Amino acid sequence: MRFDLTDLQLFVHILDSGTMTAAAALSHITLASASERVRGMESQLGCALLTRQARGVQPTAAGHTLGQHARQVLRQMQSLRGAMGDFGSGLAAQVRLRGNTSAIREHLPLAISGFLQQHPQLALELQECPSAEVLDGLRQGLCDLGVAAWDAEEPPLLSGLECSMWRTDQLVAVLAAGHPLATHASLALADLVHENWVGLPRDSALQQLLLKQALRLEKAAAAGRPDFMGSALRMRVQLPHPEGLCQLVGQSVGICVLPAAAVRRHAAATGIVAVPLSDAWARRQLWLCTARGASLSGPAGQLLAHLRRQAD
């Protein structure tokens, strides 16, 4: 099976536009050439990719599958072009690092700053994603290094990975100083679910963790647990920056949960109080991970050694 990038881009244009004529124009080829390319793809695969209709074309099941993979290949090629363009600008190497919300927003910036100063020709690609995607990315070769956290009660499968404890990552409830619960030594999420909330965007790793735990509580309540009455979190505002969230909490708009490191930086200026969460999943460890047996580039190996020296 031999498809070139023009074939794949043409097929994506067909799916997006719904007509061969429009797709050919978007691909800057003639309609006859576009039709010939599609017939060639169908011949190589041995199945129909499109069904012709009076007002255009529709993908078959095979066409849907090809379209999904074509988009993925084209995205990867775009990323490759960007990376190679960086080398043309004088960069000598690139390292890809994935991390969860707390790692990317609170711990890694200071941890890597000295290393980047010492290696001015290194490009570091940081990507925030849930911890499960950090681990999957390592296994699939989508990143070189990863920083992840997980629930000690439900640890993930770590087959194919090498992980070492890196830093503690206590999550805290952030409350206005005058909030009735602000004087408590610790709180559980079950004590807070009835409150109004502010939080990070829904697709952030930390927000996904909170929603997951809130849904667990909701299911427990539905099963008749007498010690909990509540529902999923009532989100009033979602912002990408912890400082803005702390300001909203200080004005009694709602409460939130953030890493303790983020709250310490903003507590004095915003009039908030940080109360540790007592739930087991909130007393987290950040783990520094690599794929077992992976052949790291020199710069990636150097960054790994640097981060290990930065461990608590």
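Of the residues Leu210, Leu239, Leu200, Leu187, the single one that is modelled with pLDDT of 85 or more and in contact with a Phe, Trp or Tyr (Cβ under 9 Å, 6 or more places away or on another chain) is Leu210.
Summed over the stretch 286-312, residues that are within 19 Å of Asp169 (Cα to Cα) and surrounded by 15 or more Cβ atoms within 10 Å (Cβ to Cβ) total 6.
Of the residues making up the stretch 177-197, those that are in a strand (DSSP E or B) and crowded, with 21+ Cβ neighbours inside 10 Å number 2.
Taken together, Ile29, Ile14 contain a single residue that is surrounded by 12 or more Cβ atoms within 10 Å (Cβ to Cβ), within 16 Å of Leu66 (Cα to Cα) and aliphatic (A, V, I, L, M), which is Ile14. Which residue out of Ser278, Ser295 is among the hydroxyl-bearing types (Ser, Thr, Tyr), out of contact with any helix residue (DSSP H, G or I) (no Cβ under 7 Å at 6 or more places or on another chain) and free of Cβ contacts under 8 Å to residues at least 40 places away in the same chain? Result of the check over Ser278, Ser295: Ser295. Taking the conditions (1) acidic (Asp, Glu); (2) under 17 Å from Leu245 (Cβ atoms); (3) free of Cβ contacts under 8 Å to residues at least 40 places away in the same chain in turn, Asp191 satisfies each one other than (2).
Is it true that Leu233 is crowded, with 19+ Cβ neighbours inside 10 Å, of a type in the set (A, V, I, L, M, F, W, C), under 25 Å from Ile104 (Cβ atoms) and modelled with pLDDT under 90? When the stated conditions are applied, Leu233 passes them. Taken over the stretch 261-312, the residue count meeting the criterion of being charged (D, E, K, R), at pLDDT below 85 and under 30 Å from His119 (Cα atoms) is 2. Inside the stretch 268-288, residues that are assigned to a helix (DSSP H, G or I) and under 30 Å from Leu304 (Cα atoms) make up a count of 3.
Scanning the stretch 114-127 for residues that are in a helix (DSSP H, G or I) and in contact with a Leu (Cβ under 9 Å, 6 or more places away or on another chain), we see that the one that is farthest from Gln94 (Cα to Cα) is Phe115. For Ala123, are the conditions met, namely being modelled with pLDDT under 85, under 27 Å from Ala261 (Cβ atoms) and of a type in the set (A, V, I, L, M, F, W, C)? The answer is yes for Ala123.
Among residues of the stretch 249-267 being more than 11 Å from Ala177 (Cβ to Cβ), out of contact with any Asp or Glu (no Cβ under 9 Å at 6 or more places or on another chain) and in a helix (DSSP H, G or I), the one that is least open to solvent (accessible area, probe 1.4 Å) is Val263. Scanning the stretch 45-60 for residues that are farther than 14 Å from Leu10 by Cβ and either in contact (Cβ under 8 Å) with a residue 60 or more places away in the chain or not hydrophobic (A, V, I, L, M, F, W, C) (or both) yields Gly46, Thr51, Arg52, Gln53, Arg55, Gly56, Gln58, Thr60. Screening Gln117, Gln140 for residues that are within 19 Å of Gly293 (Cα to Cα), without any contact (Cβ under 8 Å) to a residue 60 or more places away in the chain and open to solvent by 40 Å² or more (accessible area, probe 1.4 Å) leaves exactly one candidate, Gln140.
The values are calculated or read from the model by the stated rules, or taken from the named source; none is laboratory data. Quantities reported herein were computed from a predicted structural model and do not represent experimental measurements. In this analysis, Cβ positions are derived from the backbone assuming ideal geometry, glycine residues included, and neighbour counts consider all displayed protein chains. When the accessible area is computed, the model is the full protein with side chains, heavy atoms only, and any ligands, DNA or RNA have been set aside. Shrake-Rupley method; radii C 1.70, N 1.55, O 1.52, S 1.80 Å.
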